[in-house]
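Reviewing the structure listed below.
The values are calculated or read from the model by the stated rules, or taken from the named source; none is laboratory data. What you see is a predicted model, and the numbers here were worked out from it, not measured in a lab. Calculation scope for accessible area: heavy atoms of the full protein, side chains included, ligands and nucleic acids excluded. Shrake-Rupley method; radii C 1.70, N 1.55, O 1.52, S 1.80 Å.
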Amino acid sequence: MDKIRRLRLAKDAMDRDWADPGLDLDAVAACAGYSRYHFLRAFKDVYGETPGQYLTHRRIERAEEMLRSANLTVTEICTLVGFSSLGTFSARFKARTGLTPSEYRARHVGRGAALIPGCYAMLWAGGFRTATSEKRTRPGPAYGDEGASVPPHSTADRRAEP
């Protein structure tokens, strides 16, 4: 596979998984089949910026969109776009746009449709992390069936599971 195509696969992975805070240089370099340092040099030669700069730009673009369209706090948006530090997010946002996230929102809100309620935006972005959001191994009772009898094998199976 040629160099550009392999780098494009890694760039596509960053475009797809931009919100994952665990996305790191090693994982992206593996998509291209390069070591981390060779990938870093090759990516910068082809695209003119490092993979970290590219990923930060994508995250800031998504944050701009959410600030304009969703009724979420800056902290919630920071987390949803993949930053783990509000300070880093705010500093990088200001360096890229010239405005703090709050200033950006104040300047751009009200130019279009009404803001999307935060609960819908969080649900769409996968921001709700609860114990019930984990994948179940067995189907539970349907709504309203709480009083229904549970099959005898299911309670024993649940106790036997590690």
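Annotations for the structure displayed:
- Residue 84 - accessible surface, heavy atoms, 1.4 Å probe, Å² rounded to 10: 120 Å²
- In terms of its Cα atoms, segment 51-109 spans 31, 21, 18 Å along the principal axes, sorted from long to short.
- Ordering 38, 108 by accessible surface, largest first, gives 38, 108; the 1.4 Å probe counts only protein heavy atoms, with every chain in place.
- Dmax and Rg, reported as Rg then Dmax, of segment 1-87 (C-alpha, Å): 14.0, 44
- Accessible area of residue 66 (1.4 Å probe, protein heavy atoms only, ligands and nucleic acids ignored): about 20 Å².
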